[in-house]
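The values are calculated or read from the model by the stated rules, or taken from the named source; none is laboratory data. This is a predicted model, so every value here is computed, not measured. Counting neighbours? That spans all protein chains shown, and the Cβs are built from the backbone with ideal geometry, glycine included. Each accessible area value is taken on the protein alone, full model and side chains, heavy atoms only, with ligands, DNA and RNA left out. Shrake-Rupley method; radii C 1.70, N 1.55, O 1.52, S 1.80 Å.
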Amino acid sequence: MPPFRRILVANRGEIALRVIRTAQEMGIETVAVYSEADRGALYVRRATMAVCLGGSKPSESYLDIGKVVAAATSTGCDALHPGYGFLSENEDLAEACKQAGVEFLGPPPHAITVMGDKVEARKAAQKAGVPLVPGLQEDVSAERLVAAAREVGYPVMLKAASGGGGKGIRIVREEKQLVEAFELARAEAQSSFGDDRIYLEKFVTRPRHVEIQVMADKHGNVVHYGERECSVQRRHQKLVEESPCVALTPELREQMGQAACDLARSVGYVGAGTVEFLWSEGRFYFMEMNTRLQVEHPVTEMRYGVDLVREQIRVGAGEKVSPPPEPRGHAIEVRVNAEDPATFFPSLGKLTRINLPGGPGVRLDSAMYRGMEVTPFYDSMLAKLVVHGADREQAIARCIRALRELRIVGVATSLPTALAALRSPEFAGGDYDTSVLERIDRKPTAATAELAALAAAAARFLLAERAGAASAAPAGKGGRDDTPRWAASVRGQRQWRTAP
């Protein structure tokens with residue numbers, strides 16, 4: 001018997017589709033929610049039912065707690081999966097689900113509150129005995145700023161207490177830059193999170209970003225599934241992740257795993273979570289805890305042969321967490337974003353052609369389809385390419401091969417950046433840090449420039465061909481039916497056009 005009858009997936013895109021697929025395998029019905037901009041999205045077609053939340057802006061749809069919970073209760077859902085992003089780390093949603101009698105497939109509100117506040121999270125980590133980067137846990141006032149930085153020692157990092165996504169962060173290397181950086185970080189934090197509190201910590205030299213995947217049940221059991229290295233980043237946002245981290249010794253890996261479990265246990269954690277650390281010169285320091293499923297969770301799934309969403313659903317229903325299987329081989333994940341590879345600025349447009357990679361050990365998590373419009377309303381990630389190999393060398397070669405097979409026409413993507421990173425001597429040798437992309441030559445080669453020109457020409461040809469066919473066919477007189485092929489399947493679903 002399935003642990004739940006029906007689950008509402010309070011998200012969009014590839015993560016919504018990923019949750020829906022696991023739920024279907026478990027015999028659980030699913031309810032998708034969508035905005036007007038996502039009316040034709042692939043995940044909407046795959047769900048058992050679908051509820052329209054409203055306009056295209058996130059504030060009008062996916063971020064409206066009242067609409068999301070009403071969609072769950074009106075469709076008879078007994079659980080809600082928040083995915084990642086949007087409301088996934090919102091204690092108010094967790095509490096609203098609790099009040100509505102809907103199981104929130106995530107941690108309790110208290111754990112979200114503590115770990116969602118970077119200052120309080122550092123205090124909790126210190127209490128649990130987890131190593132911290134030297135710094136000040138409390139909000140740093142303008143009056144204390146200079147003295148605090150001198151006490152910690154330059155370079156220092158200013159970070160938003162409610163931060164995320166690389167926002168509200170400034171690195172300061174000398175005192176004359178401090179006040180201006182502080183004001184900029186505070187303004188960005190207020191604008192992004194509605195909270196202008198800033199804390200200060202020592203900037204770790206040549207840091208590596210290493211995180212531990214944990215899973216906890218309602219019986220006090222906490223397990224971990226090893227580590228992921230996430231040091232290939234642009235603007236503090238991850239681009240390439242791998243597991244295991246080649247810099248860790250077995251002893252250090254066990255220490256980090258134990259520290260992550262201790263922290264989760266100390267706040268009464270339930271479900272999937274990730275404890276993020278900085279590693280430098282053989283030592284690790286707590287950075288933050290993400291109280292949700294991570295974007296890069298498939299790296300762990302590929303290496304451990306486990307379905308983390310299935311585990312989330314099981315422990316949410318009160319079952320005990322399963323012991324982690326033995327890890328095998330090496331896994332790498334690459335995020336494919338709709339963005340200019342030189343500037344990292346978002347790229348908007350319609351996907352006119354997609355060629356997907358395949359072969360042994362290759363997985364693509366995506367909700368792309370031909371004709372999909374990439375809009376300015378949501379995150380720029382289009383897909384996650386994940387590969388598994390017998391060892392790191394095979395995994396890198398397989399990932400490069402799969403990236404070269406992947407073709408997306410209609411928008412610029414981060415594929416050239418990912419290829420440059422994977423081919424770099426630093427990455428291949430395993431001796432890299434979070435600044436690796438700054439040292440890699442990402443200028444397009446003659447081959448990539450030619451490929452980009454061909455892709456642009458193909459896009460123009462397809463658009464011209466489509467426009468010509470449309471103008472040649474009389475409307476309503478045997479011309480081409482422009483109704484999307486999926487429309488019949490959507491009409492066959494039970495759909496709620498507006499949220500109750």
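The set of residues in the stretch 268-321 being outside any helix (DSSP H, G or I), of a type in the set (S, T, N, Q) and modelled with pLDDT of 95 or more consists of Thr274, Asn290, Thr291, Gln294.
If the condition is being over 18 Å from Ala338 (Cβ atoms), within 20 Å of the chain's Cα centre (by Cα) and either free of Cβ contacts under 8 Å to residues at least 12 places away in the same chain or open to solvent by 10 Å² or more (accessible area, probe 1.4 Å) (or both), then the stretch 1-25 contributes Arg18, Arg21. Using the structure shown, decide if Asp195 is acidic (Asp, Glu) and not assigned by TED's automatic domain parsing to the domain that holds Pro324. For Asp195, the condition - acidic (Asp, Glu) and not assigned by TED's automatic domain parsing to the domain that holds Pro324 - is met. Filtering the stretch 228-260 to residues that are over 16 Å from the mean Cα position of the chain (by Cα), outside any helix (DSSP H, G or I) and of a type in the set (A, V, I, L, M) leaves Val246, Ala247, Leu248. A Cβ distance below 9 Å, combined with a sequence gap of six or more or placement on separate chains, defines the contacts here; from the stretch 158-177, residues that are more than 27 Å from Val114 (Cα to Cα) reach residues that are open to solvent by 40 Å² or more (accessible area, probe 1.4 Å) and among the basic types (Lys, Arg) in the pairs Glu175/Arg150; Gln177/Arg170. Quick one: is Gly349 more than 21 Å from the chain's Cα centre (by Cα), touching a residue at least 24 places away in the same chain (Cβ under 8 Å), closer than 12 Å to Ala402 by Cβ and open to solvent by less than 40 Å² (accessible area, probe 1.4 Å)? No; evaluated as a whole, the condition is false for this residue. Inside the stretch 120-140, residues that are crowded, with 21+ Cβ neighbours inside 10 Å and under 24 Å from the mean Cα position of the chain (by Cα) make up a count of 3. Restricting the first member to the stretch 385-400 and to residues that are in the same structural domain as Arg303 (by TED's automatic domain parsing) and acidic (Asp, Glu), and the second to residues that are surrounded by fewer than 21 Cβ atoms within 10 Å (Cβ to Cβ) and not in a strand (DSSP E or B), the beta-carbon pairs closer than 9 Å and six or more apart or on different chains are Asp391/Gly329; Glu393/Ala428. Just wondering, is there one or more residues in the stretch 75-87 that are acidic (Asp, Glu), touching a helix residue (DSSP H, G or I) at 6+ places or on another chain (Cβ under 8 Å) and outside any helix (DSSP H, G or I)? No. Comparison of Ile15, Ile28 shows that the only residue that is β-branched (Val, Ile, Thr) and within 20 Å of Ala70 (Cα to Cα) is Ile28. Ala70 - would you say it is surrounded by 16 or more Cβ atoms within 10 Å (Cβ to Cβ), of a type in the set (Gly, Ala, Ser) and within 19 Å of the chain's Cα centre (by Cα)? When the stated conditions are applied, Ala70 does not pass them. Applying the condition of being acidic (Asp, Glu) and surrounded by fewer than 24 Cβ atoms within 10 Å (Cβ to Cβ) to the stretch 179-237 and asking which residue is nearest to Tyr432 (Cα to Cα) yields Glu201. Within the stretch 165-179, at least one residue is in a loop (DSSP other than H, G, I, E, B) and either over 31 Å from the mean Cα position of the chain (by Cα) or assigned by TED's automatic domain parsing to the domain that holds Met289 (or both).
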